[in-house]
Each structure stands twice: as structure tokens, then as C-alpha cells.
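Report on the following structure.
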Amino acid sequence: MWKKSPIAVLAVLLLIHVLAQVDRNILLGFATRLEADLSMSNTEYGALIGAVWVLSFGVMAIVMGALADRFSRTRVVAAGLLVWSLCTAASGLAHSYWQLVAARVFVASGEAALVPAAIALLTELFEPRRRGSAIGVFFMGIPLGIGFSFVLAGSVGAAHGWRPTFIGLGMAGALIALGLAGLREPASTRANAAQAGPGSLRAQLGDVFHVLRCSPALRWTIAGLVLVHFAFVGLSFAQIWLVRERGLDAAAITRTLGVVELAFGVLGSLVGGLLGDAYARGRLERYAHFVMALALVCGPLMIAYRFVAPGTPLFYAGMAAGAFLPLAAYGPCNALIQAQVAPHLRATISGVAMMLINVFAITLGNLAVGLCVDRLGAAGVHAALTWSLFATDLLALAAAPCFAWVASCCARPSTGDELQGVTHARV
């Protein structure tokens, strides 16, 4: 009966998303032990959590999204979950750096199946005026998973070591995958898969890129979502910046960052989805206005955070805004994206968006900040990290004009006002 209850489906997908984020981020809690046990350099560790993960995830997100549109969404998620869980367990058996790299490549590839298929499935199960809320709740998995990964590393990992922790996580995920594989999805989603037709995977991807070429509103929505994710670049360098240039204690500020990320990440997911739906009432341009307002409110606070005195209310408000903004944008942004494509392209377009976020915001954004800090520091520039992170805050704020343009496009009669009525015919 689970397929007759959208809330039950959402709960299952949230659980799997939390597990995915734990498996993805558990490496961070064991960084020093992994470096010692596998004789890793800092460069090798950075590549493991950066390029190795993002390149695998980014490429496979599109492929897995296209497969989810052509076949059963639940079984694509189950297959991905089984692959990443077995490879998480295999990570615990690695005895060299390259063995761990190979395992993590397949962990990333398997996890790439989850988000595109889940977003498409939730879009089909929830009515248009509740989609943003459902997707926002699903993305609570990010802050919850990150928080639980550190708790798990500090408790179970501290008592038993990293290898048993990885193996235990993998076995738990494999059991969930076997249960999920036996569940059939609702008839409506199977009908959408049939609508994709017998054409090739290449043709499916061609349809998506045709929609992107023909829809400026869709392109700017994805561009705005990518820009919002530059807030995560600030998080990557937050501890280094706060200790090195703001003079704070490393242990104390790490705990503070963890609490803020967990609390305001979860709050952002809930508030962004619920308030976005309440304000938009199913209208595309209202979703765009809502995300624009989020960027205009949070962006200046994030910028002020770089320059005000530590410990002040404005300092903590800016820290919270950086955790809140990207998570709050997920629900309304994905509701916008899903509304602008036909049902049989929903998972594929989500895969494209995830790939662009991971390549441009996460990978290139972090790389650019690192290079800028090194160059500015070598040139003797004072507060090189502060100015580099200020640039990423400006990029996050630049999402506001993107969504202003999306709102103007969606308000035109030819685009259509109602979420349910916006589709693109397959070529």
C-alpha cells in the first residue's frame, strides 16, 4: 500500500537520502585515520573527496536520470543503492589508496541514481502546490546526513574503527536496497516511462538539451540554482578562514559550524519548501520571486559575515544565512525545473542540474578559491581568504537577477502560469 501514500514514499526516500549523505561524508570524520592507515598525502586525500567523487557523480547523474525516465524509478534507485552500499562496504576492505579510489568511484556512481529519480517520483506523486514542500523535505537528507556522519564517526568509529563502520553502513544499505527492489511504483510513473518510447539513451539526452535550448526560463533557473550553491564553497573554507583570519579557536568554531549547518540546513529545507508552496500557490513566477527574495535577504547577511566582528549577532546571522540559503532553494527551484519539462524528461533534467552544480559550484568553485587564496597570499594581500570568500558570496547573491528574469519569462502568457500545464513536447 506504500505507493498509495505519497507521505510514505517521501519518508522512504528521505531515509535513503540520509544514508547516501552519511556514506558520502563519512570520509570526513575519518580523515586523519585514513591518511595514516593508507599512507595518503594531503593532495591524494583532497582528490579523493573532490575530483574523484564529483567527476563520477556528475557524469553518472545524467545517465542515471535518463535511465530513471525510461525504466522504473524505484528500481533504478534500488540498483543505485545496492551498488553504492556494496562499494561502501568494499571501502572498509581497502588496503591501498587506489583500492579506496576505485570503491569511491562506484559509491559516487551509485548515489547519482538517487536524486534525479527521487525528484521525478515526488513530482508525480504530489500535487503541484505541494511539490516544493515534498522536495524540500527530501533535501533535509543533506544536513541530517552530514550531521549523522560526524556523530557516527565520533561514536561507533571511535569505538570500533573506520573499517567496521564502513562495512556496517554498506550492509545496512544493501538490505534496504533489496527491500526497495521488490516495490512497484505507481501506475502514473510507469506510464511516464512508457511515454519515453523505445528510442535510444542518446535520443533521450537529445530531447533534454533541445528543451534547454528552447527554454530561456529553464536555463536561467538552473543557472540560478548553481549560483546559490557557491554558498557551499564558503562552508568548505569556513574553518580555515575563521581560525586563520578571524582568530577563533579551531575546536570551538568547528562545533559551532556543525550545529549551525545542521539546524539551519534542516530549517532551510522545511521553510523553503513550505513557504515557497504557500506563496507560489502553483504559479511559476511566484516560485521565482520567492527564490529571488531568499537570495536578496541571505546574500547581504553572508557578505556582512565576512567583515563584522566575530561573536556579534550579525556575524552569527551571516553564518546561519550561508547554511540556510542553498537548502531553502532546493524545493522551489526543483518545482520550477520539473514544471518546465515533460514527465518523461523529469529525472534526466534533474541529473543535468546535479551535474552542473557539482562541476561548476562544488569543484571549480573550491578550486578557484584555493588558487585565489594562494595567489593573493603570495602577492602579500591582507585577508586573502576573506576577499576570496567575499567573491563567492557575491556569486550566490547573483542568483537574484537570474530568478528575476525567470519570473518575467514565466509571467508571459505563452509560458503558462500553472505548474500543471507547463510541458514541452518530445521532438
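The values are calculated or read from the model by the stated rules, or taken from the named source; none is laboratory data. Worth saying up front: this structure is predicted, and the values here are computed from it rather than measured. All Cβ positions, even for glycine, are placed from backbone atoms using ideal geometry, and neighbour counts span all protein chains on display.
Details
- Annotation note: of 94, 90, 61, 103, the sole residue that is outside the structural domain of residue 354 (by TED's automatic domain parsing), at pLDDT 85 or above and not in a helix (DSSP H, G or I) is 94.
- Index of the failed condition, residue 295 passing every other in (1) within 26 Å of residue 151 (Cβ to Cβ); (2) part of a helix (DSSP H, G or I); (3) of a type outside the set (D, E, K, R): (1)
Residue-wise test of (1) under 28 Å from residue 349 (Cβ atoms); (2) touching a Pro at 6+ places or on another chain (Cβ under 9 Å).
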| residue | (1), (2) |
| --- | --- |
| 26 | no, no |
| 35 | no, no |
| 53 | yes, no |
| 61 | yes, yes |
| 68 | yes, yes |
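- Single match in 48, 19, 15 (criterion: over 19 Å from residue 162 (Cβ atoms) and assigned by TED's automatic domain parsing to the domain that holds residue 178): 15
- For the criterion of being of a type outside the set (Asp, Glu), at pLDDT 95 or above, surrounded by fewer than 22 Cβ atoms within 10 Å (Cβ to Cβ) and under 16 Å from the mean Cα position of the chain (by Cα), residue 296 fails.
- For the residues 359, 427, the requirement of being outside the structural domain of residue 211 (by TED's automatic domain parsing), among the hydrophobic types (A, V, I, L, M, F, W, C), modelled with pLDDT under 90 and out of contact with any Ser or Thr (no Cβ under 7 Å at 6 or more places or on another chain) singles out 427.
- Taken together, 13, 28, 55 contain a single residue that is surrounded by 18 or more Cβ atoms within 10 Å (Cβ to Cβ), of a type outside the set (Phe, Trp, Tyr) and assigned to a helix (DSSP H, G or I), which is 13.
- If you go through region 123-167 and keep only what is among the hydroxyl-bearing types (Ser, Thr, Tyr) and buried (at least 21 other Cβ atoms within 10 Å of the Cβ), you end up with 123, 133, 149, 165.
One line per residue, one yes/no per condition, for (1) modelled with pLDDT of 95 or more; (2) under 28 Å from residue 28 (Cβ atoms); (3) assigned to a loop (DSSP other than H, G, I, E, B):
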position	(1), (2), (3)
124	no, no, no
136	yes, yes, no
152	no, yes, no
177	no, yes, no
199	no, no, yes
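- Only one of the listed residues (339, 320) is touching a residue at least 40 places away in the same chain (Cβ under 8 Å), crowded, with 24+ Cβ neighbours inside 10 Å and among the small types (Gly, Ala, Ser). That residue is 339.
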